[in-house]
């Protein structure tokens, strides 16, 4: 009974902290529901990502991410911004996740560009005569045959627009592992709980499993909410939206960070019109304005929810 009461006490403490992003119990920080955003420019260095006619996904992603950081710092000055890279270097997805988790971010945003294969066209442009050996009645002889000549051309894909991804719920094992590590951090912030009591909690698998599931659900719900908001704002800005979605094969880095996470495909670098837009100052500014506006809505929603829970 004593151990059960202990588990319930710790559980209540954790549940209280889970309503506060990043588990802070400092009175000054409790008012802030979004304190630190980690921005991850896709690819980089030896991994250029998708290629356009004249630009690479890595370069475009870095340019947009750098500008986005400036937009956030100006529009939401009480939010800190951390970039996983600021130059053209390669970081593995493992390293990206480590950087984000070490920064103890409240939100992880990957910036990428999309790409679609060109369509292959085959057109008959003439004929030629070839000879080949055929066997008839046990004898071989040469015959002439007419064969078509083809011209192969490729037409750039017409795919355009934005997509925002969250991690796939069917691939949740890794996500739960990250949430479990975040539970460790939260428990350590419970000043009233001794090391012995923490060890008892760690031994209480059902309780720990519940805490992990709750945090995993919170990550998913917040990421889904932000993804829907981002695509809604892209629509409002006049962009073609391909909606918020979960990618079937999953996105490793989104599941490897201890925070809500989204990946934004800002446009199709394989589409000449989209590529020009992605490389233009006007296009990059519009993308950053949309994402920043979405973050403000997201932050306000979390704060309103917190006020509602307090009342």
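For residue 295, the criteria (1) in contact (Cβ under 8 Å) with a residue 24 or more places away in the chain; (2) more than 19 Å from residue 229 (Cβ to Cβ); (3) assigned to a helix (DSSP H, G or I) hold in every case but one, which is (2). Taking residues in the range 155-170 that are in the same structural domain as residue 251 (by TED's automatic domain parsing) and buried (at least 17 other Cβ atoms within 10 Å of the Cβ), and partners anywhere that are modelled with pLDDT under 80 and in a loop (DSSP other than H, G, I, E, B), the pairs with Cβ atoms closer than 7 Å and at least 6 places apart or on different chains are 165/247; 167/250; 168/247; 168/248; 168/250. From the list 270, 285, 301, the one residue that fits, being assigned to a helix (DSSP H, G or I), farther than 18 Å from residue 37 by Cα and in the same structural domain as residue 166 (by TED's automatic domain parsing), is 285.
Of all the listed residues (56, 84), the sole one being at pLDDT 95 or above and farther than 22 Å from residue 227 by Cα is 56. Residue 129 fulfils the conditions (1) assigned to a loop (DSSP other than H, G, I, E, B); (2) at pLDDT below 95 except for a single criterion, (1). Among the residues examined, residue 257 does not qualify as assigned to a helix (DSSP H, G or I), touching a helix residue (DSSP H, G or I) at 6+ places or on another chain (Cβ under 8 Å), more than 20 Å from residue 77 (Cβ to Cβ) and at pLDDT below 95.
Against the condition over 14 Å from residue 229 (Cα atoms) and surrounded by 16 or more Cβ atoms within 10 Å (Cβ to Cβ), how does residue 273 come out, does it pass? The answer is no for residue 273.
When the residues of the range 44-91 are narrowed to those that are in a strand (DSSP E or B) and out of contact with any strand residue (DSSP E or B) (no Cβ under 6 Å at 6 or more places or on another chain), which ends up surrounded by the most Cβ atoms within 10 Å (Cβ to Cβ)? Checking each candidate, the answer is 44.
The values are calculated or read from the model by the stated rules, or taken from the named source; none is laboratory data. Everything numeric here is computed off the predicted structure, so don't read it as measured data. Cβ coordinates were reconstructed from backbone atoms using ideal geometry, including for glycine residues, and neighbour counts include every protein chain displayed.
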